[in-house]
Every structure is written in structure tokens, then in C-alpha cells.
Amino acid sequence: MARKAAIIGGGVIGGGWAARFLLNGWDVSVFDPDPQAERKIGEVLANARASLPALSDVPMPAEGRLSFAANLKDAVEGADYIQESVSERLDLKHRVFAEIQKAAKGVPTGSSTSGFKPSELQEGAADPSTIFVAHPFNPVYLLPLAEVVPSAKSDPKIIEKAKEILTEIGMFPLHVRKEIDAHIADRFLEAVWREALWLVKDGVATTEEIDEAIRMGFGLRWGQMGLFETYRVAGGEAGMKHFMAQFGPALKWPWTKLMDVPEFNEELVDLIAGQSDAQSGAYTIRELERIRDRNLIGFMRALKERDWGAGRVLKDHDRRRRDAFHAAGAPSGTPLKMAEMQVLPGWIDYNGHMTESRYLFAASEVCDAFLRLIGADMDYVAGGHSYYTAETHIMHLGEAKLGDRLAGTLQVLHADEKRLHIFIRILRGEEPVATVEQMLLHVDMKAGRTCTAAAEVLDRLMPIARAHEALPRPGAAGRAVGQRRG
């Protein structure tokens, strides 16, 4: 039975939380009096469905059930976890927590607040021990960080349970040991934001030039190394101590205005808003969100391949879900969805269609994801064994074009100790644009000949093969090249 998360507040952040839980198999109940809440969450969820699976190399769990409650009491009833994401007004949050605790006792209740301390949130609460900060970053369904901030009144067992839940849905719970206004990350953002406002106000830079300085330079470093590790590298072979000695005196120089704030008036607002419109006004917010998500996917997948930074969180999440997948037994109802991808400019030929080599690439992405699922991954290859493709047959059934979003499914037609016969479908929506049939042989790489796969690989492979015996055999399987279609 799926567990239930209650989301109180259905804005951008609440919608992101709802999507994160839903796509990880939780049922979600949302309460938000905004009459547009259902539409807004639907749009966020559509973006999440198009992006989060692209970070996974393991079949996604069945999506949970989304419901919209007529009142807060119905939303939190039976919930295993509650996330509050209402506006940043302390009096409003206090009223929400009071209503929550009337209807749900002892349930971990996180707040998405970016600024309030947990002790402030707990003021006047019937049971302050269950309330804590769980501050995420937008988009919540992609970015793993959640700052978990307890107070002295928080129940340590509740905090540990919350961290386990957040880890389970693919997040990285950063336990903030000492409560402070704005926690950790937003204090950095506030510092950069204040300096950026001065640079615009003083006519030194436009909003676009400031963004270029970040995304073309240190933002790329921060995204995979953070602050201190970046500066350690900057110190060269002498390391962090040398960097501190070299740049420490600059702390006394008038490089920043962080202790001063520009007057926040209509003139400054109009200046910033006008430059921002000139910079990004050609795109709608939803278009910018999709551009952001696709960029994040590429960046995070690169980190995942290198087992570094946010990519390590993705790999660990895949490993836990892989173990759960095999523990639960292989699903037999449908072929396994193993990959999602998009047709990029380099994928098309002079006819504007996806070129033959990219169908092979797409099939390889699907096959490689399946091999990782059964344990025949890079560590297995490093041990001297692998599956080699012996035969491949592609059938072109449609025309994939630039920008098309594709999914790849895999059906095991037959498997034994040495052979793996698979059928891959490359789908655009529900429409197959190609099928790829392959025979793979398990090989001792050093000896250069076939051999029996390791027991742990067969233990994962054979239940899937047995489950797929119940699936209809594809009509194209075993088809000879040039054979007339039936």
C-alpha cells in the first residue's frame, strides 16, 4: 500500500514537493484554497514527468495517486509525512500548524520556509516536537538538497524519520546543526543578491551581464565542487592554506557592499524588472522552466556518470530503488521502461529525421540501463566480464524529428546462463518509431569467449525473463530483413 504525503500550499514549491513524492510512488493529497491550484500543480507535474525520469537508470515506480482535499483536515488525515509550503508569513504558518496538529498527531511536519527558524515555527504549537524546517530548492522535483533544521524542542526520532523519507524520494537531507535565520544556502544567495542589486543600481552591470558572469564562470565550478573545494583547487599544490594566505587580505578591501543595502524603491524595482524583461521576456515562465530542467538534466547526468556531487545522490537513489525493484519481484504487465531521451540537433540527417546511428545509440541507452539494473555494470566489467552484442536488427516504423521526446522500453524474449535475447521499442508517446532486436552473449573478456554469467546477475535477470514470458511475443521478433510485413 502506497504511503501518503500531505502538501499544504500548492504554489511552485508545494507543486514541486507533490511531484517529487508522486513520481517516487507516494500518494499525495494537496490542500490549497487557491481555485487555480489544481491547474498550477498539473503544469508543474507535467514538467516533472518530462524530466525526473530522465535522471534515473532504474524503472520508475508506479506513480502515486494525486488528490485535492477540500480542507486541511482531509488532506492530512492518514498522512505519513506533511510538508507545509504556504506564504512566508509567520502568523499564517502558526495557524496552519495548529490545524495540522488537531487532525494529525505525531506526524513529521516539515516547513519549506526559506527564512524562519524552527523555534519560531514551533511557537504556540500543541506539539512542537514534530515541526521542523525542510527547506528545498526549485525545482524541488530535480534538485536534491533539502535543509533539515531542527530546534532544541524537535524530537530526534522524528528528524531521523524525516531524513529517511527525504532520502527515499531521492533528496539529500542536509542536517543543519544550529538554527539560524535563512539556514545555510539562502544566506549565500542573499549575499550574492545584495551585491547584484548594487551592481545594477550603480550602472556597473545589467541583469543579463551578471547572469553571464555566474553561468559562464564560477557557477559551473560551484555546481560540482561548491565553495571551499573550489578555492582549495585555486590554491594550487600548496592547497587551502596557500589560498587563504594569498587572498585573505582582500577581505579588508572594499570589494563588496555586503554590509550595506541599496534603497529598495520603485525606481530600483523598475530598473531590475525592465532589464530582466529585456533579457528573458521572449520566453514564457513555463518555457524557461523546461529550458532550466533540460539543462539541469544534462549537467546532473554528467555528474552522475562521474559519481560526483549531486550525481552521487542520483546513483545512490538508483541503487536503493534497484534493490527494492528486485526485492519486490519483477513486474510482468508491460515491458520495462528503461530510458527517456530527446532528439537533439546532432541526431538528425539531411532529411530532418533521426539518423540510423542514433537509433542504435538510443537502443544502447536502453540496453545499458537494463544491464545496470541486473548488476552487469561498470564494476562488473572491471572484474573482467560483460555482455557483448552479437546481433542487432532495427525496424524503422516512424520518423522521429528534432525535438521529439522518446522513451525506450525493453522486453526479455529469452535468457539463459550465457545468452540474453531482448526486444527494444523506441516510442514517441505511445507510437513506436523503431524496434531493435538484439542477441547478447555473456563473455569472459580476458579469455575472449562466452561463459556463464555471475550468480548475482542471473538472480536478477532470470525473474525478469520468467515474468516477461507472459507478455505477447512481438510480431517483428525474429523477422528476416526484407520480409513482408504481416
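Per residue Cα convex hull volume for region 1-156, in cubic angstrom?
108
With the other protein chains left in place, how much accessible area per residue, in square angstrom, belongs to the chain at a 1.4 angstrom probe? Write out the running numbers ahead of the final one.
Values: 25510 Å² over 486 residues.
Solvent-accessible surface per residue comes out at 52 Å².
Can you show me the helix-derived [θ] at 222 nm for the chain, built from DSSP H runs with n ≥ 4 at -39,500 (n - 2.57) apiece and divided by the number of residues, rounded to the nearest 500. Let's see the in-between values first.
Details: 17 runs with 202 residues, N = 486.
The per-residue figure over the chain is -13000 deg cm²/dmol.
At what distance in angstrom do the alpha carbon centres of region 332-385 and region 138-167 lie from each other?
Between the Cα centres of region 332-385 and region 138-167 lies a distance of 34 Å.
Considering only protein heavy atoms, with the full assembly of protein chains and a 1.4 angstrom probe, order Tyr81, Tyr380, Tyr388 by accessible area, largest first. Don't jump to the answer; show the numbers that get you there.
Values: Tyr81 0, Tyr380 30, Tyr388 105 Å².
Ranking Tyr81, Tyr380, Tyr388 by accessible area, largest first, yields Tyr388, Tyr380, Tyr81.
On each of the three principal axes of the Cα atoms of region 334-486, give max minus min coordinate, whole Å, ordered largest first.
45, 33, 26
Identify, among Gly475, Gln101, Ile169, the residue whose Cα sits farthest towards the positive end of the charge dipole of the chain, taking +1 on the Cβ of Lys and Arg and -1 on the Cβ of Asp and Glu, with the dipole about the Cα centre.
After comparing all options, I get Gly475.
Does anyone have the angle between helix 266-280 and the longest principal axis of the chain? Alpha-carbon axes, 0 to 90°, nearest 10?
Long axis of 266-280 versus the principal axis of the chain: about 10 degrees.
Give the residue list of trypsin sites (Lys or Arg not before Pro) in region 9-92 that are DSSP loop and have at most 13 other beta-carbon atoms within 10 angstrom.
Working: sites: Arg20, Arg39, Lys40, Arg49, Arg65, Lys73, Arg89; in loops: Arg65, Arg89.
Here the trypsin sites (Lys or Arg not before Pro) that fit, given the DSSP loop and packing criteria, are Arg65, Arg89.
Among 311-318, 1-8, what's the highest-first ranking by average C-beta atoms within 10 angstrom per residue? Please report the intermediate quantities before stating the final value.
Values: 311-318: 19.0, 1-8: 21.6.
Those peptides, ordered most packed to least, come out 1-8, 311-318.
Seen from all sides and averaged, what is the projected area of the convex hull of the Cα atoms in region 137-197, in nm²?
Numbers: hull surface 19.2 nm².
Value for region 137-197: 4.8 nm².
To the nearest 10 Å², what's Glu289's accessible area with a 1.4 Å probe?
Rounded to the nearest 10, the figure is 20 Å².
Where Lys and Arg each count +1 and Asp and Glu each count -1, what net charge lies around Gln279 among other residues with Cβ under 13 Å from its Cβ?
Residues near Gln279 contribute -4 overall.
Checking the cross-link filter: which lysines have an alpha carbon closer than 16 Å to that of Lys315, excluding same-chain neighbours under 8 positions apart?
Counting by Cα, and skipping residues close in sequence, Lys315 has these lysines nearby: Lys304.
Would region 182-226 count as rounded, prolate or oblate if I go by the C-alpha gyration tensor, calling it rounded below 1.5 in a/c and otherwise prolate when a/b exceeds b/c, oblate otherwise?
oblate
Considering the options Pro463, Leu90, Ser56, tell which one lies farthest towards the positive end of the dipole of the chain, charges being +1 on Lys and Arg and -1 on Asp and Glu at the Cβ, about the Cα centre.
The residue sitting farthest along the positive end of the dipole is Pro463.
Give the lysines reachable from Lys157 as a straight Cα distance under 25 Å; neighbours fewer than 8 places away on the same chain don't count.
Lys4, Lys73, Lys93, Lys102, Lys105, Lys117, Lys178
Restricting to bridges with both residues inside the chain, how much of the DSSP beta-bridge set is antiparallel, in percent to the nearest 5?
That works out to approximately 65 percent antiparallel.
Please give the charge dipole size of region 1-143, origin at the Cα centre, charges +1 on K and R Cβ atoms and -1 on D and E Cβ atoms. Round to the nearest 20 debye. Show your work: numbers first, answer last.
Details: 14 positive and 17 negative charges, 17 e Å.
Using only the charged Cβ atoms, the result is roughly 80 debye.
If each Cα of region 151-239 is one equal point scatterer, what is log10 of I(q)/I(0) from the Debye formula at q = 0.16, 0.18, 0.25 Å⁻¹?
So the normalised log intensities work out to -0.92, -1.01, -1.22.
Does region 217-295 classify as rounded, prolate or oblate by the C-alpha gyration tensor (a ≥ b ≥ c root eigenvalues; a/c under 1.5 gives rounded; else a/b over b/c gives prolate, otherwise oblate)?
oblate
Roughly speaking, what % of Cα-Cα pairs in region 262-378 are separated by over 19 Å, rounded to a whole number?
Result for the distance tail: 68 percent.
When a/c reaches 1.5 or more, the comparison of a/b and b/c decides; with that in mind, is region 33-89 rounded, prolate or oblate per its Cα gyration tensor?
Prolate shape, in that a/c is at least 1.5 and a/b is the bigger ratio.
Counting every Cα pair in the chain, what percent are over 44 Å apart?
Within the chain, distances greater than 44 Å cover 25 percent of Cα pairs.
Could you tell me the extents of region 84-198's C-alpha atoms along the three principal axes, largest first, rounded to whole Å?
46, 32, 24
List, largest first, the extents of the alpha carbons of region 183-318 along their principal axes, each in whole Å.
Its Cα atoms span 46, 44, 27 Å along the three principal axes.
Say the dipole of the chain comes from +1 at the beta carbon of Lys and Arg and -1 at that of Asp and Glu; which of Pro156, Gly203, Pro136 then lies farthest toward its positive end?
Of the candidates, Pro156 comes out farthest on the positive side.
Under a point-charge model restricted to the Cβ atoms of Lys and Arg (+1) and Asp and Glu (-1), what is the dipole moment magnitude of the chain relative to its Cα centre, in debye to the nearest 20?
Result for the chain is approximately 1420 debye, rounded to the nearest 20.
The values are calculated or read from the model by the stated rules, or taken from the named source; none is laboratory data. Please read all numbers here as calculations on a predicted model, not as lab measurements. Virtual Cβ from ideal backbone geometry, glycine too; neighbours counted across all protein chains shown. The protein model used for the area step is the full one, side chains on, heavy atoms only, and it has no ligands, DNA or RNA in it. Shrake-Rupley method; radii C 1.70, N 1.55, O 1.52, S 1.80 Å.
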